[in-house]
1. Give me Rg/Rg_expected for the range 213-263, where Rg uses Cα atoms only and Rg_expected = 2.2 N^0.38 Å with N residues.
2. Rounding to the nearest 20 debye, state how big the charge dipole of the range 247-309 is about its Cα centre with +1 on each Lys and Arg Cβ and -1 on each Asp and Glu Cβ.
3. With the cut-off at 1.5 for a/c, could you classify the range 199-336 from its C-alpha gyration tensor as rounded, prolate or oblate?
4. Working out 0.36 nm times the residue gap between Asp152 and Glu165, then minus their Cα-Cα distance, what length gain in nm do you get to one decimal?
5. Can you tell me how much longer the chain between Ala331 and Lys262 gets when fully stretched, taken as 0.36 nm per residue apart minus their C-alpha distance, in nm with one decimal?
6. Does the range 259-371 classify as rounded, prolate or oblate by the C-alpha gyration tensor (a ≥ b ≥ c root eigenvalues; a/c under 1.5 gives rounded; else a/b over b/c gives prolate, otherwise oblate)?
7. Between Glu527 and Glu489, what's the calculated FRET efficiency when r is the beta-carbon distance and R0 is 41 Å? Round to 0.05.
8. Can you give me the distance in nm between label points at Gln4 and Lys339, each placed 7 Å from the Cα along the Cα-to-Cβ direction?
Amino acid sequence: MAGQTVSMKGPVCLIENDSDGKLCVVRSALETLSQIEQHVVVVAVVGLYRTGKSYLMNKLAGTNKGFALGATIQSQTKGIWMWCVPHPIKSDHTLVLLDTEGLGDVEKGDDSNDNWIFSLAVLLSSTLVYNSMGTIDNYALEKLHYVTELTDLIKVKSVEGDIDESADYVRFFPSFVWAVRDFGLELKLDGKPITAHQYLENALKLKQGTSKKIVQYNLPRDCLRKFFSPRWCFVFERPANSEKMKRMEELTDADLEPSFVKQSRDFCDHLFKEVKTKTMIGGLKVTGKMLGNLTEMYVDMIRSGQVPCLDNAVVALAQIENSSAIEKAKAYYQQSMAKMVVFPTETQQQLSMVHASMEREAVAIFMNSSFKDEDQKYQKELMVQLRNGSYMTPGGYKHYCDDLKMMTSEYRSTGGKGVKAEEVLKEYLNDKESTGQAILSADQSLTEAELKAEEEKAKREASEQEKRTMEEQIRVQEMLMDDQKRTHEEHKKQLLEKMEADKENAKVEYNRVLEAKLKEKEDLLKEGFHWKAQEMEAQIEDLRKEQEEQEKAKPSMWKLALDNIGTAALMILGWGKLIGVGLKVGSRLMN
């Protein structure tokens, strides 16, 4: 999806605490996101304060400076800061970097703020980078207790009651990267070399038993395994000595340990290649503008004491985006018609061709920007609005008739006389009728008989002109009805294409979740947790049944969607036919 984007010179605060200590969004940052029409890849970093999170984010932005670094014991980052830069590999995407304030800052003394910061990082990101120091041991995992509290902080569906929805988290949560800083161990297990990813998975193995101590040991590991997939790990050696570390922003790669430079480069390359577009329920791809709206919704929910709900966010976002999609499509159509059509056009066919082309593009714009348009409510509204805003509707001539006021009596004999030439000429003659009558009455050289004859002649000419105008209106109306039939087919064609694309996105999401659950089941069996593997098998079976039901329902859903579009088209077409019948009746009466 190509589209408008922005490239920021540096990071800005996206979410901060107000004077009452509540989280709030920064309007100027939302305005920046609103300008990004491209899809976004969102990388958020979280971790304990003073662990070097901001350095990694600067490297992802391709610079050494930007997000604040510090060499003191105080946390430098407050709230959530954002930096939007062009994606280095995906030219049609914008990379959004979110740097969060350090967790566990003793100066704050407010665990709830940390919990919400962590939850927002999960909700907004495509991948979540957890940054820690030393090794991945039990102490490090205990510090990641925020992941165990997500079940109280994020809801999937808008339902009442205390329902465990954690099995669904993997469908909507980001991928996970554990970045281990100042790592000084050898990557070996039982004397054999292992990768950093294997090191993480080994650290997440569960223990057998039901004692309170073992349950506490397993809880963060179980949550990470159930909630996040895929998972990766990168280890980083100490970048430099203590003196150099105090001025990291001033150092170049040449000043750092070569191994650290390579590890940082591998980390960035992996994220650039592997991290996917930010998506929502159903595989919906998110743009910068949508990300801004989501941020505002989630923060508003938190401020009002609610738990952020993914379903509610999608519904609210759909209303905003679909209404905006109508306006974008309509504006494009009107602006394009104004540029492309210079009245008078040579023929009605010429105008119809331009209209068809511009409408096709307008519908495509709507389809690219809309989503979850249940019952095709917004697409039907677009059909009506394009019809009403077209030059090709009855009465549409009034939008451009001012350009034809200079017509002369020779107009009929010249080329390019317009799609309603006879109607224009009729208006011209009507305007001149009173003048002609005055001249005729004043001409004393005519006898009374001649005067009467001239009056009869004028009436005949007026009647013939009226007849020609009516016939032309009938021809134009018939062509308009043909145009409307073509419009219906275009809407139907693009709706089918969008539904097919949505189906593929949902299939990708389903396959990713199924693969993650199958892998977790296999790992649980290897570790001897047969009862947990059975629970996972039940989740897999539920997932497959849900997919089968959706597949069975698709034909009827698609038929209903096409029927909705057909109903709107028939309503507009019926209105056109009614006008056409009226014109024909009028024509016969005149004859």
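The values are calculated or read from the model by the stated rules, or taken from the named source; none is laboratory data. Everything quoted here is computed from the prediction, not taken from an experiment. For neighbour counting, all protein chains shown are included, and Cβ atoms are generated from backbone atoms with ideal geometry for every residue, glycine included. What goes into the accessible areas is simple: the full protein's heavy atoms, side chains included, and nothing from ligands, DNA or RNA. Shrake-Rupley method; radii C 1.70, N 1.55, O 1.52, S 1.80 Å.
1. Numbers: Rg = 17.6 Å, N = 51, 2.2 N^0.38 = 9.8 Å.
Cα-based Rg divided by the globular estimate yields 1.80.
2. Details: 9 positive and 10 negative charges, 102 e Å.
It comes to approximately 500 debye.
3. Values: a/c = 2.52, a/b = 1.37, b/c = 1.84.
Since a/c reaches 1.5 but b/c is at least a/b, the shape of the range 199-336 is classed as oblate.
4. On the way: separation 13, 0.36 × 13 = 4.68 nm, distance 1.01 nm.
So the chain would gain 3.7 nm between Asp152 and Glu165.
5. Details: separation 69, 0.36 × 69 = 24.84 nm, distance 4.97 nm.
Net length gain for the segment: 19.9 nm.
6. Working: a/c = 3.77, a/b = 1.77, b/c = 2.13.
Verdict is oblate for the range 259-371.
7. Values: r = 57 Å, r/R0 = 1.40.
The pair Glu527/Glu489 has a calculated efficiency of 0.10.
8. Placing both labels 7 Å along Cα→Cβ, they lie 1.4 nm apart.
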